[in-house]
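Take a look at the structure set out below.
The values are calculated or read from the model by the stated rules, or taken from the named source; none is laboratory data. Computed from a prediction, not measured in an experiment: that's the story for all the values here. With ideal geometry, Cβ positions are generated from the backbone for all residues, glycine too; neighbour counts draw on all protein chains shown. All accessible areas refer to the heavy atoms of the entire protein, side chains included, with ligands and DNA or RNA removed. Shrake-Rupley method; radii C 1.70, N 1.55, O 1.52, S 1.80 Å.
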Amino acid sequence: MIIDIHTHTPQYRGEVPADKRTVNKSWRPDTDRNSNFSWAEYRESQSTVDKSIVFGIAWEPGERVGGSNGPRDHGDVADKANDFTARFVHAYPDELIGFMCVHPYDVEAMDEMERSRVDLGLRGVKLGANYQAYDPLDRRALAVYQYAERHGLPILFHTGTSAVKSAPIPAAHPLTIDEIASRYPELRIVMAHMGHPWTADATVVVRKHANVYTDISGLFYRPFTHYEALIRATEWNILDKVLFGSDYPVTTPAETMAGLRGVNDIVEGTRMPRVPLDKIEEIIHRDSLALLGID
């Protein structure tokens, strides 16, 4: 089984209107990508995997929408993000698992978590302290983590940098997760993007905490960073805690698999160490849902 643990909810149930189509030029150094997309485009991209975790981002308190370029991006979901995610998941329950998004500073955040878990059937949480511009150790954020730990909801944190102009970079440094995991040891955490460019910091946090994992999404198109991240994971013996994720629409699962299998190409003809290819296959086929307690 192949599980993509990192994908974003489509903004459009039907075809994207031509006048609403947006293109992001800053996500990747090698190509531009459409930043809004339809249910059909999403499903076509995910046809190479068995299941996908999908979620939105709660950019601001009181605003449930998520957009690729920051708050109030005109390509945003035109409805409450958790409801939109839930409708998508319920339409294709054999293919999708939904995670909720909340803003810790929203006065209704805890009620929204309860509603999303109980009424909508969403099974985890997506947070990005940089995108959402909150202090990840604020008491209101701690309440979100505590709720998630109590109810067995894994949290996928954006870790690492971002090109979004409104996103404070230090808020998503991977070392912050060390403090969160220490306070909530039963909380299952995924550090997205292996904390790029701070892959060494992400690696030591994953190594330290039993319930902290990382995903490999959004790395292969920077070949040296990708190679460096996986060599660090090899040397620090955490490859068994690296999970497969694409970060669609930034990349597709097929691109990510090809990138993983070609991780050593950059050092061909040198004496540099190699990432074991059998371990790469284990990453691609890992049962991440069982590790996160949502199988």
In a Gaussian network model over the chain where Cα atoms closer than 10 Å are linked, find which of Asp240, Asp50, Asp30 has the largest mean-square fluctuation. Asp30
Could you run the Karplus curve 6.51 cos²θ - 1.76 cosθ + 1.60 with θ = phi - 60° over the range 244-260 and give me ³J(HN,Hα) per residue in whole Hz, x for Gly and Pro? 7, x, 9, 6, 4, x, 5, 9, 10, x, 4, 4, 5, 4, 4, x, 4
Please state the shape class of the range 215-295: rounded when a/c is under 1.5, otherwise prolate if a/b exceeds b/c and oblate if not, all from the C-alpha gyration tensor. oblate
If every Lys and Arg gets +1 and every Asp and Glu gets -1 at its Cβ, then about the Cα centre the range 82-135 yields a dipole, in debye to the nearest 20, of 180 debye
Contact order normalised by length for the range 171-235, with contacts defined as Cα pairs under 8 Å and 6 or more residues apart; what percent is it? 34 percent
Do the alpha carbons of any pairs in Lys20/Lys165; Lys165/Lys208; Lys25/Lys241 sit beyond 26 Å of each other, and which pairs? Lys165/Lys208; Lys25/Lys241
Heavy-atom accessible area per residue, the range 138-211, 1.4 Å probe: how many Å²? 41 Å²
Residue among Ala172, Ala192, Ala143 with the largest mean-square fluctuation in a Gaussian network model of the chain, springs linking Cα atoms under 10 Å: Ala143
Once you keep just the Cα pairs under 8 angstrom separated by 6 or more residues, what percentage relative contact order results for the chain? 18 percent
Keeping all protein chains in position, work out how much accessible area Arg261 exposes to a 1.4 Å probe, and write it in Å² to the nearest 10. 110 Å²
In the range 244-295, GluC sites (Glu not before Pro) in a DSSP loop with at most 14 other beta-carbon atoms within 10 Å: Glu268
By the C-alpha gyration tensor axes a ≥ b ≥ c (rounded if a/c is under 1.5, else prolate when a/b exceeds b/c, else oblate), the shape of the range 103-178 is prolate
Convex hull volume per residue for the range 92-251, taking Cα atoms only, in Å³: 114 Å³
Classified through the alpha carbon gyration tensor (a ≥ b ≥ c as square roots of its eigenvalues; rounded if a/c is under 1.5, else prolate when a/b is larger than b/c, else oblate), the range 99-145 comes out prolate
In whole percent, how big is the carbon plus sulfur part of the accessible area of the chain, probe 1.4 Å, protein atoms only? 50 percent
For the range 91-190 the mean separation of alpha carbon contacts under 8 Å (6+ apart) over residue count, i.e. relative contact order in percent, is 27 percent
Integer Hz, Karplus 6.51/-1.76/1.60 couplings in order for the range 148-157, x for Gly and Pro: 4, 4, 5, 9, x, 9, x, 10, 9, 9
